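This report refers to the structure that appears directly beneath it.
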Amino acid sequence: MTRPPLAILTGPTGAGKSDLALAAALALGGEIINADSLALYRGFDIGTAKPGPEDRARVPHHLIDVLDPDQDFDAAAYLRAARPLVERLGREGRPALAVGGTGFYLRSLTAGLFEGPGRDEAFRARLAGEASAGVDLYARLAALDPETAARLAPADRVRIERALEVLHVSGRPISQWQREHALAERPFRTLSVIVDRPPEEMAGRLERRTRLMFERGLPAEVEGLLAAGWSPDLKPFGAIGYKETVEYLRGRISLAEAVDKTLTATRRYAKRQRTWFRGQMPGARWFHPDQADEIVGLLRDFFGSAPAE
RNA sequence: GCCGAGGUAGCUCAGUCGGUAGAGCACUAGACUGAAAAUCUGGGUGUCGGCGGUCCGAUUCCGUCCCUCGGCA
């Protein structure tokens, strides 16, 4: 049994992944699996630069519009949803392209996650209560799992809570789970392509794109979602562009400020993405999106080649 | 024109009883195993508005000029 092939197409926000993915999928007869943590949500269209109906009619897109704003999702859920798709496309002999900027989801797809306990909402709620009552959760972790505490910053509450959760539910420190797993799963034969542009090009693109989002109705989209009864405290409303638009609609900031803050947050996000790709995707090939022919050729060879084993 | 407040990092501001200055944000580099568009870590990038005076030494005190914001005319 050979492993199914999977092509990853990623890059910082606004570099031009989606257009390239569409062209590549058309050229190869492939299908696109979304790897963007926010395009999963129905109704979050403009601010996520989600592919429109025309594009989705031309090439099958998976894992877009599959969640309501109040539905929990995480890397493990992504892995569970996306892996069967890659396997199915592999059986059908159709190229599978995972496309999106959520590096953590992509790495989970290709390298896995340790199979320990998932989220335990009741435990999380208890931790949140203790934290707001002044309990030092880092000190607790340092006492219960000093190895993990040594690796984490005292202010990194997301990872501290996760570490306490794993220990509480499984009785074993997260460091042990991680050591045993070591991100060593390789369920797919993978080719990773990153598209990026020089800073001068990105600056203008991000600015134009952000302004267009607001001009094309991001505030109206958010108003519609709120009018439908969704709470602005739900996770996807914390996303770049949405957070700022909610502030604007509440009258806390001006429209110009909302645009400005969104642009700044977008730039910072693109930088964080590059840092992730450099550090976590060492084997990836980097291209300018204008090198579409070269990229498609590379993908063609990849999907056409005999499995390596 | 007069009175008052102010002019310090890219921005908002703190501070220096005279010994060349620091926070947040921005910026930059990095981390990342079920929140990842999240969360976190390191790094200070500066004619302290201009000119002159006093002083061993002025961003700080004095004088003067410029600019900004209020109020009164």
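The values are calculated or read from the model by the stated rules, or taken from the named source; none is laboratory data. Because the structure is predicted, anything quoted here is derived from the model rather than measured. Methodologically, a virtual Cβ is constructed for each residue, glycine included, from the backbone with ideal geometry; neighbour enumeration extends over all protein chains shown. With ligands, DNA and RNA removed, areas are computed over all heavy atoms of the protein, side chains included. Shrake-Rupley method; radii C 1.70, N 1.55, O 1.52, S 1.80 Å.
At 0.36 nm per residue, minus the direct Cα-Cα distance, what do A:A143 and A:D290 gain on full extension? Give it in nm, one decimal, please.
Length difference between fully extended and current span is 47.6 nm.
Separation between the A:T264 and A:R186 pseudo-spin-labels, each 7 Å from Cα along Cα→Cβ, expressed in nm?
4.5 nm
Evaluate 2.2 N^0.38 Å with N set to the residue count of segment A:164-206, then give the Cα radius of gyration divided by it.
Rounded to two decimals, the normalised Rg is 2.13.
By how many nm would the segment from A:D120 to A:R80 lengthen if fully extended, with 0.36 nm per residue of separation less the alpha-carbon distance?
Going from the current span to full extension adds 12.6 nm.
How far is it, in nm, from the label point at A:R151 to the one at A:E223 when both lie 7 Å from their Cα along the line to the Cβ?
4.8 nm
With a 1.4 Å probe and every protein chain kept in, tell me what percent of the accessible surface of segment A:168-217 is carbon plus sulfur.
Carbon and sulfur: 52 percent of the exposed surface of segment A:168-217.
At 1.4 Å probe size, with the rest of the protein present, what percent of the exposed accessible area of segment A:60-159 is carbon and sulfur atoms?
52 percent
Lys and Arg at +1, Asp and Glu at -1: add these up for the other residues within a Cβ distance under 10 Å of A:G11 and post the number.
Every neighbour counted, the sum reads +2.
At 222 nm, what value in deg cm²/dmol follows for chain A if DSSP H runs of at least 4 each add -39500 (n - 2.57) and the sum is divided by all its residues, to the nearest 500?
The helix-only estimate for chain A comes to -16500 deg cm²/dmol at 222 nm.
How large is the direction-averaged shadow of the alpha-carbon convex hull of chain A, in nm²?
About 17.6 nm², averaged over all directions.
Find the accessible area per residue for chain A; the probe is 1.4 Å, ligands and nucleic acids are left out, and the unit is Å².
50 Å²
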